[in-house]
Amino acid sequence: MSTPLKLSVLRQTFSVHRFAIDNPVPPEVLNSEIYSVMRTDDELSIVCESSLSLNSDQAETDWSALKVTGPLDFSLTGILAGLATALAEADVSLFALSTYDTDYVLVKSKQLSQACMALNSAGYILENG
């Protein structure tokens, strides 16, 4: 891609929750400004702001989010691969989410500055969200 991708760091912190497959989506999730719900035949996963206290089976907390400035065209390739490669080389794990318009990469908050430095070094432009 000739133009460097821009990313913004969102102000919220997030949690990733795992529920049993038959669990209903907790209604308080709708109070999160940003959330994602994914149900498979194995589980119900919910990503929401950490300020919400959900009674999940398992949870990973304290994630920061980087949002790729979109909208992104569906014909673009390698967006997440490029981000994942830059972060992997800096030993930063990620949790990726996509919407119709763009991609989000969650990194542990304690690794956010390390992630931002790695992405800057890889040619990405970071802005505050």
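If you take the residues of the stretch 48-63 that are part of a strand (DSSP E or B) and of a type in the set (A, V, I, L, M, F, W, C), which of them is nearest to Leu30 (Cα to Cα)?
Step by step, filter the stretch 48-63, then rank; the result is Cys48.
If you go through the stretch 70-91 and pick out every residue that is of a type in the set (A, V, I, L, M), surrounded by 13 or more Cβ atoms within 10 Å (Cβ to Cβ) and either assigned to a helix (DSSP H, G or I) or at pLDDT 95 or above (or both), you end up with 7. Only one entry of Leu44, Leu112, Leu94, Leu52 meets the criterion of being surrounded by 15 or more Cβ atoms within 10 Å (Cβ to Cβ) and in contact (Cβ under 8 Å) with a residue 60 or more places away in the chain, and that entry is Leu112.
With the structure loaded, tell me whether Val107 is at pLDDT 95 or above and touching a His at 6+ places or on another chain (Cβ under 9 Å) or whether it fails that test. Answer is no for this residue.
The values are calculated or read from the model by the stated rules, or taken from the named source; none is laboratory data. These numbers were taken from a predicted model, which means no experiment stands behind them. Note: ideal-geometry Cβ built from the backbone for every residue, glycine included; neighbour counts use all protein chains shown.
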